[in-house]
1. Which is basic (Lys, Arg), at pLDDT 95 or above and exposed (fewer than 15 other Cβ atoms within 10 Å of the Cβ), of ARG41, ARG60?
2. Cβ-Cβ distance below 8 Å, separation of 6 or more or different chains: which pairs start in the stretch 62-73 with a residue that is at positive phi and end on one that is among the aromatic types (Phe, Trp, Tyr) and part of a strand (DSSP E or B)?
3. Output the residues belonging to the stretch 29-46 that are touching a residue at least 24 places away in the same chain (Cβ under 8 Å), closer than 11 Å to LEU93 by Cβ and not in a loop (DSSP other than H, G, I, E, B).
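The values are calculated or read from the model by the stated rules, or taken from the named source; none is laboratory data. Computed from a prediction, not measured in an experiment: that's the story for all the values here. With ideal geometry, Cβ positions are generated from the backbone for all residues, glycine too; neighbour counts draw on all protein chains shown.
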Amino acid sequence: MILHRVTFALALCALPAVAQIPEWQLMSREEGCVSPQLVVRMMRLPRAPVSPEDFAWMIRERGESATLGPMENSPPELIGSVVQVRLANGKALLFARPEVCRRFER
């Protein structure tokens, strides 16, 4: 009986983490919005970034520069919901809130 309660409690604790939608996703021209997990391998990061600020912090920790700001030519309604992180090599990553991603998927 106690074992069942423990198992049930553990399952309940794990549910929100599995079902939770990330606060930020990456925008890709080819694939739409994708998980920030994809930059882990590409950028050799220790973990997936949880926000544009977190991603910039990880890049700066490596001694590289990263600048945050609005997407170029961004409509006013997207400011704060889409954040661009520019890297020293000229590349930029776009982070978007899930509600923005849903709008562009339609």
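1. ARG60
2. Hits for this filter: zero, empty list.
3. Scanning the stretch 29-46 gives a single hit, VAL39.
Per-residue answers, yes or no, for (1) of a type in the set (Ser, Thr, Tyr); (2) under 19 Å from SER28 (Cα atoms); (3) within 12 Å of the chain's Cα centre (by Cα):
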{"site": "PRO52", "(1), (2), (3)": "no, yes, yes"}
{"site": "MET58", "(1), (2), (3)": "no, no, no"}
{"site": "PRO70", "(1), (2), (3)": "no, yes, no"}
{"site": "SER74", "(1), (2), (3)": "yes, yes, no"}
{"site": "VAL82", "(1), (2), (3)": "no, yes, yes"}
{"site": "VAL85", "(1), (2), (3)": "no, yes, yes"}
{"site": "ASN89", "(1), (2), (3)": "no, yes, no"}
